[in-house]
Amino acid sequence: MIAQGISGLMRPLLSGLSVSKIRFISLCGVTEQHHPPAKQGSERGFSSTHKLQDAPGESSSADQVTVHFINRDGERLTATAKEGESLLAVVINQNLAIDGFGACEGTLACSTCHLIFEKDTFQKLDAISDEELDMLDLAYGLTETSRLGCQVCIKKSMDGLTVRVPMDVSDIRRQLEVGKQSKQ
């Protein structure tokens, strides 16, 4: 049953995102997307992902929350987010340059959106699921305040939030690239 569900989610991805309507179900809610097939030559490495959530009209600044990401190299990336948006969606929608982030596009099938929170912020987050704990077990640099960005939804109380991207990431795509290069 689960395998059929995952297969159903992956089918549009495997066909080059040629489907005009995809539904994402996450902890933050259900979002329907309407977009054309992925364009070649995307600016983000590894992904041709379009925005994870549609914005019905422009959001006012009162609806915006500021989020800061400390990247692996120490660079501070600042983005604005909407309440209810996952941290993974913020990275993708704002096209933040975090290498390898969100390989499974929020389907809770990897740990590439692993983030480290400050202790006081971590304690205020919603409860963590068993499925997220299972994926975190695969993450490099795991801490007591680690969470997956696809599972943490923005709240207005998070305005000014700062999260840290771990130094290493467990990303099978990198291993595949290295394998291809070594064969050449």
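The values are calculated or read from the model by the stated rules, or taken from the named source; none is laboratory data. It should be emphasised that the depicted structure is a prediction, and the values quoted were computed from it without experimental measurement. Ideal geometry is used to build each Cβ from the backbone, glycine not excepted, and the neighbour counts take in all protein chains shown. The accessibility values were calculated without ligands, DNA or RNA, using every heavy atom of the protein model including side chains. Shrake-Rupley method; radii C 1.70, N 1.55, O 1.52, S 1.80 Å.
Worth a mention:
- Taking the numbered list (1) modelled with pLDDT under 90; (2) of a type in the set (V, I, T); (3) open to solvent by 20 Å² or more (accessible area, probe 1.4 Å); (4) under 15 Å from the mean Cα position of the chain (by Cα) in turn, T107 passes all entries but (1).
- Residue within the range 172-179 that is of a type outside the set (V, I, T), farther than 18 Å from R72 by Cβ, open to solvent by less than 90 Å² (accessible area, probe 1.4 Å) and at pLDDT below 95 present: yes
- Residues in the range 119-137 that are in a loop (DSSP other than H, G, I, E, B) and open to solvent by less than 100 Å² (accessible area, probe 1.4 Å): L125, D126, A127, I128, S129.
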